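The values are calculated or read from the model by the stated rules, or taken from the named source; none is laboratory data. A quick note: this is a predicted structure, and the numbers were derived from the prediction, not measured. Every residue, glycine among them, receives a Cβ derived from its backbone with ideal geometry; neighbour counts consider all protein chains shown. To get the accessible areas, we keep the full protein, side chains included, count just its heavy atoms, and leave off ligands, DNA and RNA. Shrake-Rupley method; radii C 1.70, N 1.55, O 1.52, S 1.80 Å.
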Amino acid sequence: MLQVSSPSRRDVLRSASGAVAATTCGAGCGHHADSSSSRPAGPTEAPSSGAASDPAMPAGHAPRGPVRFPGLPPEIAHGPRGGSAVALTFHGQGDAELARSLLSEAERAGARVTVLAVGTWLDEHPELARRVLDGGHELGNHTMRHRAVCALPADEAYAEIAECADRLRRLTGTIGSWFRPSRARTATDLVTRLAARAGYPHVLSYDVDSLDFQDPGPDAVREAVLGQVRAGSVVSLHFGHSGTLTALPAVLDGLRRRGLRAVTTTELMHSDGVAATAGPGRRTETG
């Protein structure tokens with residue numbers, strides 16, 4: 001077990017369950033997007049994820065699978081507070097053209113994002129999986145049908161996670177970097193265990209909710225993000241909303257003016273030299 005002693009790393013070790021109260025989709029999971037009506041990522045994948053990838057490999061050259069960060073909790077709401085990185089995470093669903101435009105806007109600003117994709121969305125737009133990765137971003141699992149996964153019986157909840165993981169594996173060679181529960185800000189203990197069984201050693205929550213799924217307008221989205229964000233933040237945003245696309249340039253400019261940079265969640269977790277397990281029985285130190 002990695003011993004973490006610096007203040008910024010102690011901050012990371014704080015469990016999301018104590019820092020963020022569990023909420024329903026109304027607090028940021030985009031209930032409008034239901035198409036059916038645990039621990040973070042890094043160097044190489046969990047055994048069930050398919051092809052492995054190297055965290056040092058340049059962005060966009062290979063998909064990344066889940067990685068275990070020894071010493072970090074099963075659910076993570078933010079990264080190290082002592083650096084200059086933040087993670088913009090997008091719930092992957094909705095209009096494909098808006099998604100492409102948003103990715104292009106991020107790339108123009110030199111930003112990399114994390115997309116947590118819904119499986120049915122991947123079925124409808126399989127080309128977007130490669131589009132995300134080719135842009136230097138990372139791709140994760142947001143359940144198969146965007147059901148209220150934390151309220152489901154164990155077998156149904158596991159199917160939601162595993163079926164989306166299978167879609168990701170078929171499209172990219174891995175089960176994706178992260179799992180985030182659908183219609184919930186934090187996972188139950190059961191869902192955390194089921195995610196681990198599916199190959200995700202950490203569940204990804206967030207500490208900044210943009211509330212963009214409520215379509216409050218681009219100015220409100222910008223103010224919500226910039227009013228809460230700080231070094232190490234994980235920000236919840238959504239594809240499929242024109243206000244989010246319109247707000248993104250101002251959000252990225254606001255981050256830049258504060259000396260913050262948008263990176264993938266995996267890169268965020270490596271930004272303070274946090275160690276990660278590189279496959280079964282091996283460990284890679286990153287600083």
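Using a probe of 1.4 Å, the accessible surface attributed to Thr188 totals some 50 Å² when neighbouring protein chains are kept in position.
Put simply, the convex hull of the Cα atoms in region 199-248 casts, on average, a shadow of 4.1 nm². Scanning residues 5 or more positions from Leu139 or on other chains, those with amide H under 5 Å from its amide H are Arg64, Val115, Ser177, with H placed 1.01 Å from N in the peptide plane.
Based on Cα atoms of region 81-220, Rg over Rh with Rh as the Kirkwood radius reads 0.96. Counting every pair of alpha carbons in region 217-275, the share spaced more than 15 Å apart comes to 51 percent. Taking label positions 7 Å along the Cα-Cβ direction at both Gln228 and Arg258, the computed distance is 1.2 nm, reported to one decimal.
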